[in-house]
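> Following this message is one structure expressed as structure tokens.
The values are calculated or read from the model by the stated rules, or taken from the named source; none is laboratory data. Since the model is a prediction, treat every value here as computed from it, not as a measurement. Don't worry about glycine lacking a Cβ; one is built from the backbone with ideal geometry, like all the others, and counts go over all protein chains shown. To get the accessible areas, we keep the full protein, side chains included, count just its heavy atoms, and leave off ligands, DNA and RNA. Shrake-Rupley method; radii C 1.70, N 1.55, O 1.52, S 1.80 Å.
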Amino acid sequence: MNDLPETSCSNEATDLETIDYLRGVKSSTCLLLPMTPSPTPLDFKHPLSEEMNEGQFLNITEDSKISSAMQNSDASAGDSSSSGDSNSVVQDPVSAQLINNISMLDYQTLSKNGDLIVGQPEGCKINGNLNVNNRKLPNFVNWNWVIIRKVLLWVVLSGLVACLGAIIAMVITIPKSCDPDLPWHQGKVFYEVFPASFKDSNDDGFGDLKGLIKKLDYIKDLGCNTVRLNYIFEAQDYPENYNHATYLLKVDRSLGVLKDFQDLVKAIHDKEMYIILDIPVLSMVASTENKNTNHSSVLTNDTSVGYSDMSAAIKFWSQGQNVDGFYLKNLENFVDDVNFAKSLQIWKHIIGSGKILIASEKALELTKGDDLTVFLNRIDLIDVYLDLNEGVKGLKNHIDKVVFGTLRAKAHYPWILWNVGNVNSERVSSRFSNNTLALTALEMSLPGTISLFYGDEIGLKGLSKNEVEKDFHEYNKIHNLVSMSFTGNNESAAILPWNSKPISGPRYHYFNIIKKFIEIRLKTPTIYLRAIFKDGSAARNMKIRITEENLFIIERWFPRRNSCVFIGNFGGKSISTDLSSMFYSGTIMASTNSSFVGQVLYFENVTFSPNSAMILKLGK
């Protein structure tokens, strides 16, 4: 309090120094503390220069004047601390020293354009090329950052657009269904053709291979992916005695020549379809006695085995003509042959991977022991014929036996090839005229692969009994091989001279109904998958029920998919029943009455028309 005059003198000296300093400055300088000695003028150091890095702060000990000023400042601070003025700053010696050091820096004032106004060293400028004490700054300072920023912005935006496009493409290309990836012969529909009765291309009275080529689009449009040709080999009195083949390496002349067959194979493959030949098993013994044959050999278990005529034929058609598989006809007659298992191994080796062998259900039943193991590992499809002669109960027992028998044991065992008519059986429309559609719908709802005999899709019937009893032709063998009829261009009127007219004309409206059943089947894995394989075991995915006489119900299910139900009335009378204890409701996907498709059916007090069938999708 008594040092007031001394303090005043000190303040006057400080004011004089401040005034001198402010004369060269265009804007005012605000000191952090009042009554603080004026800072010593310092040279401006650019923050990136080496000199600035070497000494960023003042060395208080180097300037005695600054030291004495600091002591005076401490004294002044001590005097001022005793006052009760709220604007005064209370400092301890350390903090006062730090603040005073800052106040002693030579402050510079910047204009709006960023140039130094006062105390600016020569050659130093904020904008443009910076030189500090004749030293250039790093090159990146002089880059064209305007262009760089635009380029970076363009790159970022392009990346975002590319990511958005990739996301949209993924959403668009995501498959609408996650169906399992199966071999071409599993779960599909085959079309069985007897070429001599199918399409005549040269008006000689016999169907031929060229005619078949013209009708491949018809077969594909139906929904079939494979053409299975019945006997086409050279035979005595072909086609009446088609099964008496005399030479397995040649197409019968009435069907065409080898070039025609090659054209057929190419046309089928061009349409992403497959071709299978029915080939009769003649012998399993190697042809060692025939010196005129020049059959090569294959190595099986390090033993050279000569080709039999069968092996040579399989090699010729599979490797030479690119056929996709064979139906081994009459194989059941050789299950007791000593070369049975070895022959199957050789034939499978000859055709290679991706091609198949088919055998009958009877061959499966007759094969025993070690031969059965070989059979199950070499055969790809087992042909099973469905017959309604024993009624719906007999049909149920037959299906259960096949589906839940030996074939279900392992995932790699043969699949089932279902059929309700074939080259060796009476036509389904001849046996069960009113149930043709219902039986066809039944086979379409079963697990495995389907074989559709030509003409069944339009309800063709075989020959009448009077024609079969004639002696002029062996009609007892060819009574079901009636001429195929096609809509348009008067093709339905064509009757081949080697055969006779069927007992009744075609029913063309069947085509679209059966086509719909095939379509639903092919896009519904719940229907065509044969079992639920998990951890080496096979669980059922099908159950057959018969709740009323002639009412046939098949329930199908698969994990994470809608369950499906087939309901068929194979009787001649309507059936009214209540199925609500089993199912609540379902959407009709395919029906023998096409007007029902898309409708929702509630299973309480429902009526099923005679000789009708439908496939429904149940809600999850």
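> What number of residues within the range 346-366 satisfy the criterion of being open to solvent by 50 Å² or more (accessible area, probe 1.4 Å) and under 37 Å from the mean Cα position of the chain (by Cα)?
5
> Take Glu555 and decide whether it is within 20 Å of Pro447 (Cβ to Cβ) and either assigned to a strand (DSSP E or B) or open to solvent by 50 Å² or more (accessible area, probe 1.4 Å) (or both). Please lay out each step first, then the result.
Working: within 20 Å of Pro447 (Cβ to Cβ): yes; either assigned to a strand (DSSP E or B) or open to solvent by 50 Å² or more (accessible area, probe 1.4 Å) (or both): yes.
The answer is yes for Glu555.
> I'd like to check something: does the range 591-599 contain any residue that is touching a Phe, Trp or Tyr at 6+ places or on another chain (Cβ under 8 Å), open to solvent by less than 60 Å² (accessible area, probe 1.4 Å) and closer than 26 Å to Asn397 by Cβ?
Narrowing the range 591-599 to residues touching a Phe, Trp or Tyr at 6+ places or on another chain (Cβ under 8 Å): none.
No - not one qualifying residue is present in the range 591-599.
> Then there is this: Would you check which residues across the range 265-280 are hydrophobic (A, V, I, L, M, F, W, C) and under 17 Å from Lys355 (Cβ atoms) and list them?
Val265, Ile268, Met273, Ile275, Ile276, Leu277, Ile279
> Which members of the range 420-434 meet the condition of being in contact with a helix residue (DSSP H, G or I) (Cβ under 8 Å, 6 or more places away or on another chain) and either open to solvent by 10 Å² or more (accessible area, probe 1.4 Å) or under 21 Å from Phe375 (Cα atoms) (or both)?
Answer for the range 420-434, where residues must be in contact with a helix residue (DSSP H, G or I) (Cβ under 8 Å, 6 or more places away or on another chain) and either open to solvent by 10 Å² or more (accessible area, probe 1.4 Å) or under 21 Å from Phe375 (Cα atoms) (or both): just Phe432.
> Here's a follow-up. Go through the range 151-204 and count every residue that is more than 30 Å from Asp260 (Cα to Cα), of a type in the set (Lys, Arg) and open to solvent by less than 90 Å² (accessible area, probe 1.4 Å).
Going through the range 151-204 one residue at a time, the tally reaches 0.
> Quick one: in the range 219-247, which of the residues that are part of a strand (DSSP E or B) and open to solvent by 10 Å² or more (accessible area, probe 1.4 Å) is farthest from Phe316 (Cα to Cα)?
The initial filter retains those residues of the range 219-247 that are part of a strand (DSSP E or B), namely 226-229, 233-235, 245-247.
Subsequent filtering for residues that are open to solvent by 10 Å² or more (accessible area, probe 1.4 Å) retains 234-235, 245-247.
On the way: Glu234: 15, Ala235: 18, Ala245: 16, Thr246: 16, Tyr247: 12 Å.
Residue satisfying both the conditions and the ranking: Ala235.
> For Glu390, work out the one condition from (1) in contact with a helix residue (DSSP H, G or I) (Cβ under 6 Å, 6 or more places away or on another chain); (2) under 30 Å from Tyr508 (Cα atoms) it doesn't fulfil.
(1)
> Given the criteria at pLDDT 95 or above and more than 22 Å from Leu417 (Cβ to Cβ), does Gln236 qualify?
no
> Taking the stated definitions as given, is Leu446 in a loop (DSSP other than H, G, I, E, B), touching a residue at least 24 places away in the same chain (Cβ under 8 Å), hydrophobic (A, V, I, L, M, F, W, C) and surrounded by 24 or more Cβ atoms within 10 Å (Cβ to Cβ)?
Spelling it out, Leu446 is indeed in a loop (DSSP other than H, G, I, E, B), touching a residue at least 24 places away in the same chain (Cβ under 8 Å), hydrophobic (A, V, I, L, M, F, W, C) and surrounded by 24 or more Cβ atoms within 10 Å (Cβ to Cβ).
> Give Glu457, Glu491, Glu467 a once-over and let me know the one that is buried (at least 17 other Cβ atoms within 10 Å of the Cβ) and modelled with pLDDT under 85.
The match here is Glu467.
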